[in-house]
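Below is one structure, written out as structure tokens; comments come after it.
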Amino acid sequence: MDVRIYSPAKTATQSGRAKTHRWVLEFEPTAPREVDDLMGWTGSRDTQAQVRLDFGSKEEAVAYAKKHGHSFTIEEPHQRRVAPKSYADNFLRRP
């Protein structure tokens with residue numbers, strides 16, 4: 001069974017990076033999503049898609065995947081780029 005291991009990005013609605021230091025293991029979907037004709041809800045027969053495991057480090061997640069015989073892919077987090085700013089830049093004239 002294929003799993004994906006990644007570190008989640010920070011939420012777009014918050015400025016904090018509280019939950020970005022953990023690693024998540026998610027199972028890849030094995031069944032396609034289906035739309036219910038009557039209600040219009042989207043569902044799937046794949047129950048593993050609901051499972052999401054949190055780990056404190058990448059090594060713990062990899063060890064779990066190896067122990068249980070899962071093939072895995074690791075998505076490394078993008079490095080945060082901070083543009084240097086100063087308060088005086090707010091008052092500069094721009095063409």
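With the requirement that a residue be of a type in the set (D, E, K, R) and farther than 27 Å from Pro32 by Cα, what does region 49-74 give you?
Lys58, Glu59, Glu60, Lys67
Hey, could you check region 11-61 for residues that are of a type in the set (S, T, N, Q), assigned to a loop (DSSP other than H, G, I, E, B) and more than 30 Å from Arg81 (Cα to Cα) and say which is nearest to the chain's Cα centre (by Cα)?
Residue satisfying both the conditions and the ranking: Thr30.
Tell me which residues, restricted to region 62-84, are in a loop (DSSP other than H, G, I, E, B) and either on the phi < 0 side of the Ramachandran plot or within 17 Å of the chain's Cα centre (by Cα) (or both).
His68, His70, Glu76, Pro77, His78, Gln79, Arg80, Arg81, Val82, Ala83, Pro84
Restricting to region 41-85, name every residue that is among the β-branched types (Val, Ile, Thr) and exposed (fewer than 10 other Cβ atoms within 10 Å of the Cβ).
Correct list: Thr42, Val82.
Quick note: the coordinates plus some simple rules give every number you see, no bench work behind them. What you are looking at is a predicted structure, and each value in this text was computed from that prediction instead of being measured. Neighbour counts run over all protein chains shown; Cβ positions are idealised from the backbone, glycine included.
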